[in-house]
Amino acid sequence: MIGRLRGIVLEKNPPVVVLDVHGVGYEAQVSMQTFYTLPAVGEETALYTQLVVREDAHLLFGFGSREERETFRALVKVSGIGAKSALGILSTLTSDELATAVASEDIKRLTAAPGIGKKTAERMVLELRGKLAGGGNAAGLFTPEATGSNEDIINTLLALGYTDKEARTACKNIPAGTDISEGVRLALKNML
């Protein structure tokens, strides 16, 4: 399994990017969210990847973050959603927006993605509920409060035994750029 690539951007033709990794050109399909964050041709970048093996092809999909890759993996497990549809969804909605739409059962928002009709959107809500912002190691990774510098703080609080809701609430007012130890201290103070 190819989990991550770091290399020089050789080509950028939406939705495909080619990375030169030590002389080997890897072609990966990326969401438009990731595509717009890629550096210019000739510059170095890194992508988290997912290899999809089909009867007629081996396809490599690239993502700008682990969260986006985990969301992709969750999406392709939904009945009726393939890798290309999942990539289309992630081109329309960020991981955070998708988690919010699923949690609030916003069918209209989900059907805004190409190729997603009402029945598929309802199936997404049913099958993804609790999986994008639910328990375990994925807790908090897909919620707006958990992105950026607060992600590690929230994960530390989860490891200490606090619930996802407690951790997110405690981190709500912590300024961006706060280091982990200071952030945990402030979060614990907020819980008092």
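Observations, loosely collected:
- The listed residue being within 18 Å of the chain's Cα centre (by Cα), hydroxyl-bearing (Ser, Thr, Tyr), outside the structural domain of Met124 (by TED's automatic domain parsing) and not in a strand (DSSP E or B), out of Thr49, Thr34, Thr45, Thr71: Thr34
- The residues of the stretch 117-134 that are touching a helix residue (DSSP H, G or I) at 6+ places or on another chain (Cβ under 7 Å) and at pLDDT below 90, listed by number, are Arg129, Lys131, Leu132, Ala133.
- Criterion violated by Asp56 - all others in (1) assigned to a loop (DSSP other than H, G, I, E, B); (2) out of contact with any Lys or Arg (no Cβ under 7 Å at 6 or more places or on another chain); (3) surrounded by 14 or more Cβ atoms within 10 Å (Cβ to Cβ) satisfied: (3)
- Count of the stretch 80-105 residues which are in contact with a Gly (Cβ under 7 Å, 6 or more places away or on another chain) and buried (at least 19 other Cβ atoms within 10 Å of the Cβ): 1
- Some residue of the stretch 27-37 being at pLDDT 95 or above and more than 13 Å from Gly62 (Cβ to Cβ): no
- Tallying residues that are on the phi < 0 side of the Ramachandran plot, out of contact with any Gly (no Cβ under 6 Å at 6 or more places or on another chain) and not basic (Lys, Arg) within the stretch 11-29 yields 11.
- Residue that is within 29 Å of Ala99 (Cα to Cα) and in contact with a strand residue (DSSP E or B) (Cβ under 8 Å, 6 or more places away or on another chain), where the choices are Glu44, Glu68: Glu68
The values are calculated or read from the model by the stated rules, or taken from the named source; none is laboratory data. Computed from a predicted structure; not experimentally measured. Note: ideal-geometry Cβ built from the backbone for every residue, glycine included; neighbour counts use all protein chains shown.
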